[in-house]
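This report concerns only the one structure given below.
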C-alpha cells in the first residue's frame, strides 16, 4: 500500500489515517486523485452532521462518506455530489442492524477492509458498477449472525 504525506506539515500518512498525527488536520482519501489529503474544515453542509472541507491538495470542497460516522471509511466525495456514500461504500446493498452493538463491531471488522479492495480495483482500472447501475455490477450484503428464536436448539 502506498504511503502519503500531509500537505500541511509533511507527516507520513497511512491509507487508514483519519487525522494527521503531527498537526491534527482531518484527512480523507480522494480516489479520483489516488491520494490522501489534509482538509481545511469549512462550512456545514445540508446535513448538520456533515462538514465540508477544502482539500489542501487541490483546493476543492469535499465531504466525507456517510460511513465515516461509523469510523469505517475515510473516503471523500465532491461537496456538490448528491451521493451520501463514496465509490466503495455505495456498493453496500445490505448491512446488519447497527442498533445492535455486536453488529456494529462485526460489520466494522469487514467494512474497514473494503477500502483496500477498492483501492486495488481502481489501480487495476477495473469496472466498478453497482448492482443499481448494472445487473452485472458489484454489491455487498453484510448480514448478521443473529439466529432466529425459532431456530435455537436445532442442529
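Derivation of every value follows stated rules applied to the coordinates shown; laboratory data play no part. Owing to the predicted nature of the structure, the values given are computational and were not obtained by experimental measurement. Here Cβ is always computed from backbone atoms with ideal geometry, including for glycine, and neighbour counts include all displayed protein chains.
Restricting to strands (runs of 3 or more DSSP E) lying wholly in the range 56-155: which have 2 or more residues that are touching a residue at least 24 places away in the same chain (Cβ under 8 Å)?
On the way: elements: 61-64, 76-78, 92-94.
In the range 56-155, the matching strands (runs of 3 or more DSSP E) lie at 61-64, 92-94.
Among the residues making up the range 58-88, those that are surrounded by 15 or more Cβ atoms within 10 Å (Cβ to Cβ) and more than 14 Å from the chain's Cα centre (by Cα) are 60, 61, 79.
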